[in-house]
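Have a look at the structure below before the remarks.
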Amino acid sequence: MGSVDSGVLNATGTKFRASFARTDDNKWKGYGDQLEYQANFKLVQPIQDRGTISAIFNWSEFDQYNYMNYSLNMLKKFGATGSDFLTPNYAEAYEAALGNYSSSIAALGNATDESNATQYDGAQIQRNYLSAITSQLRLAPNLEENTVLYAHLSSGDYEATPTFPSPTGAPFSQLDSHQGIRRIGFTQSFRYTIARNHIDTGVWYENNSYWFPAELYSQPALGQGRPRNALGPFVDPYATWFSDSFNTNTFQFHLQDTYDILPHLQISAGFRSLIATTHGGAVYNNQSLTGQAELPRGALTAASAFLPHVALDYHFRDHHEFYIDIAENMRAYTYNPFLMSDGAWSVENQSEFQSVKTKIRPERTWTYLGGYRYNSTLISAQADAYHVDYYNRLENITTGTPTNPINSFVNTGKETITGVDAAVTLRPVRGLEFFNSMSFAKEQYGGGVDYEGKYYDLKGKNQVGYPTWMYKTSLSYAYRRARVSFNATYTGSRPLSYMNDTHVSPYWLAGLSASYDFGSIGFMKNLGVSFNVYNLFNTTYVGGMGLFGYPISGDSPTLFIGAPRQFFGSVRASF
């Protein structure tokens, strides 16, 4: 990793900064590595004393072998480090695709889990290009503007090995989904100050084009050549499974006035207007592979002309602050063909999509928050209480296998979230800092769903994938140029199923770090070293959840297992 800072180049103040980083890590289990490149460039041009205009260009590429997603049953039978994709054991994957399971896979005793545990490999390549021109200018003594013009291009290859027989006679194929994204848009905002009023207004527009062809490539019959590399090259597909295309236009307007009632008392009131329309779905359907006469395609619009927001902020006496915030928000409809478990377009066929359209509405929330903050040299403290009313809570319910999920997109009605957060930082002596925070959130559905001909009452059931309790603590000490710190996080039990009959266990995750700044030595400036231990106590835990949605009841291979204890060290210097 390296970076260059030009400093001021001329009398007008032109300057730039560029950086490049390359990271290559082996997976902590299974076969393969994860390689990342990232380059960033920013050019800044001051405009006299009125502000700046900047140009930004960022590029990144990720080439990585993925980790296999688990179920609770797989975690119990395999352990955290006991199984991953079968690469490079092509023979075992080949036999498993024929139904001839090894003893460890057969011990799972669950067809859904077996289909996941027999996958040969999973990998992805993702490339991103982001460019922007921004300006922050003072147009008049009381008028400021902020402009962002941006464009984002992304391409990716997402690979798996579904059990579609290859023309060669192999019992599975290589699936590569070649994702493409093109986003162009702008934001324009203004801030005008008059008397005690600070008026903010602006607009945001974006056009987002998305395409996703899923193509199948032959794998060789056993003993008849080398299997395809999960990271390409991707040439000569023998069939296309399906192809999706979407186009979304989003427009938002906002207006808000912040009024200084007193020098230490402010009230803000305003609103947003939002409209987002998505046209899209399947543009190609290989009926012999999808098993559907017609895949989902159509348009959905989420729109609201008035989404209000009111806030009060009061700084009373020294160090004390009290605040209240009330807002209504709306979520636009989403889609994600790669996960095949996100949004209305993830259902099985066109007739179900048409049925879903009549039953869903955009998700809306009313959020009410009140809090108190205290800050001084010795102590910083904050406490919040909040309540959220969700309306038209939309959820994906998934059954089937990871490579052939059966999805439903349903309106579960109202959901309520009630919670409190509290945090305190103590600084009893110079260099010593002790931080603690706690959060409690009760997230419960208020309705039910009709699923596969049966009604499931979800009233009083907790939101899938979210813990009720979380706690964080850290202790750090700095002496001269050295610093050492310890941190730990507790994450409570999380429901895996909508009926709350399966849960992911709670866990503690701790870390330790130390660093030392040597200052300047010879031609090197700001020379420093650091050392970190991740997962200090080698805890087995579930990190991510919901990769392929959540089941209505029972278990599902939709979990990612967290990494074991790892050690990291770094050296930095400036020249």
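The values are calculated or read from the model by the stated rules, or taken from the named source; none is laboratory data. Remember, it's a predicted structure, so these values are computed and weren't measured experimentally. Neighbour counts run over all protein chains shown; Cβ positions are idealised from the backbone, glycine included. Calculation scope for accessible area: heavy atoms of the full protein, side chains included, ligands and nucleic acids excluded. Shrake-Rupley method; radii C 1.70, N 1.55, O 1.52, S 1.80 Å.
Among the residues of the range 1-40, those identified as part of a strand (DSSP E or B), crowded, with 16+ Cβ neighbours inside 10 Å and within 28 Å of the chain's Cα centre (by Cα) are Gln34, Leu35, Gln38, Asn40. Within the range 148-157, the set of residues being more than 30 Å from Asn116 (Cβ to Cβ) and buried (at least 17 other Cβ atoms within 10 Å of the Cβ) comprises Val148, His152.
Within the range 538-549, identify whether any single residue is open to solvent by 60 Å² or more (accessible area, probe 1.4 Å), over 28 Å from Ser346 (Cβ atoms) and either among the small types (Gly, Ala, Ser) or free of Cβ contacts under 8 Å to residues at least 24 places away in the same chain (or both), and answer yes or no. No, the range 538-549 contains no residue that is open to solvent by 60 Å² or more (accessible area, probe 1.4 Å), over 28 Å from Ser346 (Cβ atoms) and either among the small types (Gly, Ala, Ser) or free of Cβ contacts under 8 Å to residues at least 24 places away in the same chain (or both). Sub-8 Å Cβ pairs linking a first residue in the range 139-158 that is under 13 Å from Arg183 (Cα atoms) to a second residue that is among the polar types (S, T, N, Q) and open to solvent by less than 40 Å² (accessible area, probe 1.4 Å), at least 6 apart or interchain, are Leu149/Thr134; His152/Asn128; Leu153/Asn128; Ser154/Asn128; Ser154/Gln179; Ser155/Gln179, ordered by first then second residue.
Would it be correct to say that Trp204 is within 30 Å of Ile267 (Cα to Cα) and aromatic (Phe, Trp, Tyr)? Against the criterion (within 30 Å of Ile267 (Cα to Cα) and aromatic (Phe, Trp, Tyr)), Trp204 qualifies.
Selection of the range 170-199 for residues being aromatic (Phe, Trp, Tyr) and part of a strand (DSSP E or B) yields Phe186, Phe190, Tyr192.
Filter the range 445-468 down to residues that are open to solvent by 60 Å² or more (accessible area, probe 1.4 Å) and over 21 Å from the mean Cα position of the chain (by Cα) and give me whichever is nearest to Tyr390 (Cα to Cα). Restricting to residues being open to solvent by 60 Å² or more (accessible area, probe 1.4 Å) and over 21 Å from the mean Cα position of the chain (by Cα), the top hit is Lys459.
Counting only residues that are within 30 Å of Gly569 (Cα to Cα) and among the hydrophobic types (A, V, I, L, M, F, W, C), give me the strands (runs of 3 or more DSSP E) lying completely in the range 442-521 with at least 1 of them.
Details: elements: 448-451, 454-457, 469-479, 482-491, 507-521.
Strands (runs of 3 or more DSSP E) meeting the threshold: 469-479, 482-491, 507-521.
Of the residues making up the range 136-175, those that are within 24 Å of the chain's Cα centre (by Cα) and within 26 Å of Tyr120 (Cβ to Cβ) number 7.
Looking only at the range 550-569, which residues are in a strand (DSSP E or B) and open to solvent by 60 Å² or more (accessible area, probe 1.4 Å)? Steps first, answer last, please.
In the first step, residues of the range 550-569 are kept if they are in a strand (DSSP E or B); the result is 550, 559-561, 566-569.
Residues satisfying the conditions are Phe560, Phe567, Phe568, Gly569.
Candidates Ser380, Ser355: the one that is among the polar types (S, T, N, Q), more than 23 Å from the chain's Cα centre (by Cα) and closer than 30 Å to Glu294 by Cα is Ser355.
Taking the stated definitions as given, is Ala282 open to solvent by less than 50 Å² (accessible area, probe 1.4 Å), under 18 Å from Ser408 (Cα atoms) and either part of a strand (DSSP E or B) or in contact with a His (Cβ under 9 Å, 6 or more places away or on another chain) (or both)? Working first, answer last.
Details: open to solvent by less than 50 Å² (accessible area, probe 1.4 Å): yes; under 18 Å from Ser408 (Cα atoms): yes; either part of a strand (DSSP E or B) or in contact with a His (Cβ under 9 Å, 6 or more places away or on another chain) (or both): yes.
Criteria met by Ala282.
Check whether at least one residue in the range 308-315 is in contact with a strand residue (DSSP E or B) (Cβ under 9 Å, 6 or more places away or on another chain), open to solvent by less than 30 Å² (accessible area, probe 1.4 Å), among the aliphatic types (A, V, I, L, M) and over 30 Å from Glu159 (Cβ atoms), and report yes or no.
Of all residues in the range 308-315, those in contact with a strand residue (DSSP E or B) (Cβ under 9 Å, 6 or more places away or on another chain) come to 308-315.
Keeping just the survivors that are open to solvent by less than 30 Å² (accessible area, probe 1.4 Å) gives 308, 311.
Next, from what is left, pick out any that are among the aliphatic types (A, V, I, L, M): 311.
After this cut, where a residue has to be over 30 Å from Glu159 (Cβ atoms) as well, the list is 311.
Yes, some residue in the range 308-315 is in contact with a strand residue (DSSP E or B) (Cβ under 9 Å, 6 or more places away or on another chain), open to solvent by less than 30 Å² (accessible area, probe 1.4 Å), among the aliphatic types (A, V, I, L, M) and over 30 Å from Glu159 (Cβ atoms).
Can you say whether Ala96 is in a helix (DSSP H, G or I), open to solvent by less than 50 Å² (accessible area, probe 1.4 Å) and of a type outside the set (D, E, K, R), as far as the supplied structure shows? Break it down stepwise before answering.
Numbers: in a helix (DSSP H, G or I): yes; open to solvent by less than 50 Å² (accessible area, probe 1.4 Å): yes; of a type outside the set (D, E, K, R): yes.
Criteria met by Ala96.
Tallying residues that are in contact (Cβ under 8 Å) with a residue 40 or more places away in the chain, polar (S, T, N, Q) and over 27 Å from Pro564 (Cβ atoms) within the range 498-535 yields 1. The one condition from (1) closer than 29 Å to Pro557 by Cβ; (2) open to solvent by 50 Å² or more (accessible area, probe 1.4 Å); (3) at pLDDT 90 or above that Lys359 does not meet is (3). Reported count of residues in the range 204-259, each being touching a Leu at 6+ places or on another chain (Cβ under 9 Å), within 16 Å of Pro167 (Cα to Cα) and of a type in the set (Val, Ile, Thr), is 1. Taken over the range 304-337, residues that are of a type in the set (Ser, Thr, Tyr), within 27 Å of the chain's Cα centre (by Cα) and in a strand (DSSP E or B) amount to 1. Going by the structure shown, is Asp244 over 18 Å from Tyr158 (Cβ atoms) and not basic (Lys, Arg)? Against the criterion (over 18 Å from Tyr158 (Cβ atoms) and not basic (Lys, Arg)), Asp244 does not qualify.
The residue of the range 43-92 that is farthest from the chain's Cα centre (by Cα), among those that are surrounded by fewer than 17 Cβ atoms within 10 Å (Cβ to Cβ) and among the basic types (Lys, Arg), is Arg50. Report, by residue number, each residue of the range 1-55 that is among the basic types (Lys, Arg) and farther than 30 Å from Asn535 by Cβ. Within the range 1-55, Lys15, Arg17, Lys42, Arg50 qualify. State which residue is least open to solvent (accessible area, probe 1.4 Å) when the search covers only the range 285-303 and only residues that are in contact with a Leu (Cβ under 9 Å, 6 or more places away or on another chain) and assigned to a strand (DSSP E or B). Once the filter is applied, the top-ranked residue is Ala302.
Where residues in the range 158-186 are charged (D, E, K, R) and modelled with pLDDT of 95 or more, which of them is surrounded by the fewest Cβ atoms within 10 Å (Cβ to Cβ)? Quick ask: steps written out before the conclusion?
Start the filter on the range 158-186 by keeping residues that are charged (D, E, K, R), which leaves 159, 176, 182-183.
Adding the requirement that they be modelled with pLDDT of 95 or more leaves 182-183.
Working: Arg182: 15, Arg183: 17.
Among those residues, the one meeting the criterion is Arg182.
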